[in-house]
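Just so you know, all these numbers are worked out from the coordinates, no wet-lab data involved. Computed from a prediction, not measured in an experiment: that's the story for all the values here. Note that each Cβ is placed from the backbone with ideal geometry, even for glycine, and that neighbours are counted across all protein chains shown.
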């Protein structure tokens, strides 16, 4: 590889990394659900907490704006979170796979 090839390779790697980061940020912004007037960020911690909550106790959670929100039905919120998680992760995975294909095609073009 000469210097020009190395520079082109470095630019492509930087571009791919930017695309991956942009995709990550885009998908993470979609990981939210609205429940009982609160906006909640869906993550594994929230889903694990909801799954382990004993429903005979009342539950108040801080939403994304640090407001205490009464959760009157833990199962409904957990189902909303699981649905959103599956939807976003599926889309994210599909788009990531497309990025990987583009990278491979670019590498083939160089050879």
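When only C-alpha pairs under 8 Å and at least 6 residues apart count, what is the relative contact order of the stretch 1-85, in percent?
On the way: 71 pairs, mean separation 22.5, N = 85.
Relative contact order comes out at 27 percent.
Which one is right for this structure if Cα Rg over 2.2 N^0.38 Å is calculated from it: (1) 1.09; (2) 1.56; (3) 1.02?
Given (1) 1.09; (2) 1.56; (3) 1.02, the structure-derived one carries the label (2).
Which whole-angstrom value gives the distance between the alpha carbon centres of the stretch 8-22 and the stretch 25-80?
35 Å
Which order results if 61, 77 are arranged by neighbouring Cβ count within 10 Å, fewest first?
61, 77
Kindly express, to the nearest 10 degrees and within the range 0 to 90, the angle between helix 3-30's C-alpha long axis and the longest C-alpha principal axis of the chain.
For helix 3-30, the angle is close to 10 degrees.
For 72, 63, 54, which order do you get if you count the other beta carbons within 10 Å of each Cβ and list the fewest first?
Values: 72 11, 63 18, 54 7.
Lowest count first: 54, 72, 63.
Would you order 84, 56 from fewest to most other beta-carbon atoms within 10 Å of each residue's own beta-carbon?
Taking fewest neighbouring Cβ atoms as first place, the list is 56, 84.
Pairing the Cα long axis of helix 74-110 with the longest principal axis of the chain, what angle in degrees results, from 0 to 90 and rounded to the nearest 10?
Taking the Cα atoms of the chain, the angle to 74-110 is about 0 degrees.
Per residue and in Å³, how big is the convex hull formed by the alpha-carbon atoms of the stretch 11-55?
66 Å³
To the nearest 500 deg cm²/dmol, what mean residue ellipticity at 222 nm is calculated for the chain from DSSP H runs of n ≥ 4 alone, each contributing -39,500 (n - 2.57), summed and divided by the residues?
-23500 deg cm²/dmol
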